[in-house]
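> Next up is a structure, given as structure tokens.
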Amino acid sequence: VCPQVPELSREEKLQLRKEKKQQKKKKRSEKGPTAEPPEQGAAPEPGQPRVTPHPSSSPTLADGPSDGEKPTGGKSKAELRAERRAKQEAERAQKQAKKAELGQAATPAKPRLTPTEPPTVVKRLPEHVQVDDPAALRKLAKKLERQQVPLRQDYGTKVNLFSHLHQYSRKKPLTQQMSIPSTVIHPAVVRLGLQYSQGIINGSNARCIALLEVFKQLIRDYSTPPNEELSRDLVAKLKPHISFLNQCRPLSVSMGNAIKFLKKEISCLPDTLREEEAKEKLQSTIDNYLREKIVLAAEAISKSAFEKINDHDVILVYGCSSLVNRTLCDAHMQKGRAFRVIVVDSRPRLEGRETLRRLVRKGIHCTYVMINAISYVLPEVSKVLLGAHALLANGSVMSRVGTSQIALVSKAYNVPVLVCCETYKFCERVQTDSFVSNELGMVSVPF
């Protein structure tokens, strides 16, 4: 370790500067008989020779010998100080170089980014998807244990391609490990979670509506504990319920956006509101969200789709989309358009049967085929109408399995594809394939 040398004082610096000037004068005088420049306003007479001052004629400093006086060591005081200063600078530079080398070996220095440059950080999947990461699984288990939510067991054997995704076993229901009287989960949330896991409530719109209706009931039954604020305590009370629903079935994008909206509204509640007023305001906010984001959005999309549907059109639909069904029914009942619908279905859920029942009930002529027969019916199709689970930030559409195949075959036959999607299903996520993040179905269901 290099010893710390104290810095020179101001007087010593001035003295060192004067001594350096005197050294320069001495060197100039030793080189030749070159005279010093004349002083201010004094010019030498033409007949008189210029006199060079002798080094001994320089004024001496009050606190030390002059440059001409040599100490016993053979070097002047200024030279010794200059050598000492150079040695200090060399030691300081060497010390900084060692520190830099040690810092690079331990942790590489992070490059400083300008404000205009976005940080390029490569992130893995969210924690609820990283099933192949033991650390993420342990963290998730601790979180659920802290929230008193049971952890759902995964299915035994897995395909390596989908090893990072959850594949829950349906043999043991999630409520088997719960003690209903002592649990923090509301009974309405338990019932909703079981309906999600058993497939009784399907579709992104239906799942979101059911979730918000249960949250309204949860808010009605909530009472603020003493010495607590409703805006903070209610958000903390919602977290175990959301974790429980996510364990029953992964949350859809529409449900995630609705939960973000509700949390924001709860946190923005003023402290001056009484508890009953705050609860009524939250319930009316949920009703407005359902009306604006789902009901009115469906009406606007249906009116816009009227212009795309003409008489004698053959429209192909896939699965069961509540928005697509409403659009077709409104076009037939309100506008009187005469068209034919080809309902394409696929296993294992066979949701197209529900679409077939709804359209036939309204008097629309329909044809029912399976997805492996679309190449035979597409030559007579004029346009394709599809529903959406979410619209990603890169413009990709996420929907039920088989939708991409229908879009590709439609492109091969030059058939236009129209997607009906509400704005509350938009999300900032980017996904280029179906393997990064997805939801695996039941293994025991045969195809």
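Just so you know, all these numbers are worked out from the coordinates, no wet-lab data involved. Nothing here was measured: the structure is a model prediction, and the numbers come from that model. Note: ideal-geometry Cβ built from the backbone for every residue, glycine included; neighbour counts use all protein chains shown.
> For Leu218, Leu385, what's the fewest-to-most ordering of other Cβ within 10 Å of each Cβ?
Leu218, Leu385
> Next up: Which listed residue (His389, Val314, Ser410) has the Cα farthest towards the positive end of the charge dipole for the stretch 307-425, taking +1 on Lys and Arg C-beta and -1 on Asp and Glu C-beta about the Cα centre?
His389
> A follow-up question, please. With the cut-off at 19 Å, tell me which of the pairs Lys293/Lys383; Lys216/Lys264; Lys239/Lys260 have Cα atoms farther apart than that.
On the way: Lys293/Lys383 26 Å; Lys216/Lys264 15 Å; Lys239/Lys260 12 Å.
Violating the 19 Å limit, Cα to Cα: Lys293/Lys383.
> How would you rank Leu192, Leu8, going from fewest to most other Cβ atoms within 10 Å of each one's own Cβ?
Values: Leu192 24, Leu8 14.
Least crowded to most crowded, the residues run Leu8, Leu192.
> Still on this structure, please answer the following. Which trypsin sites (Lys or Arg not before Pro) in the stretch 200-302 pass both tests, a DSSP loop state and at most 15 other beta-carbon atoms within 10 Å?
Here the sparse-neighbourhood loop sites are Arg274.
> Provide the net charge surrounding Thr327, with neighbours chosen by a C-beta distance below 13 Å and charges set as Lys +1, Arg +1, Asp -1, Glu -1.
Working: positive: Lys303, Lys308, Arg326, Lys335, Arg337, Arg358, Lys362, Lys383; negative: Glu299, Glu307, Asp313, Asp330, Glu422.
Around Thr327, the charge tally is +3.
> How big is the stretch 253-399 on each of its three principal axes, counting only the C-alpha atoms and giving the largest first in Å?
The principal-axis extents, from largest down, are 65, 32, 28 Å.
> Turning to a different aspect of this structure: Give me Ser267, Ser404, Ser254 ranked fewest to most by other Cβ atoms within 10 Å of their Cβ, as a rough exposure proxy.
So the residues, fewest neighbours to most, are Ser267, Ser404, Ser254.
> Ok, one more. Determine Rg/Rh for the stretch 295-367; Rg is computed over alpha-carbon atoms and Rh is the Kirkwood hydrodynamic estimate from the same atoms.
0.96
> While we're on this one: So how far, in whole Å, is the C-alpha centre of the stretch 304-343 from the one of the stretch 198-214?
Taking the Cα centre of each part, the stretch 304-343 and the stretch 198-214 sit 24 Å apart.
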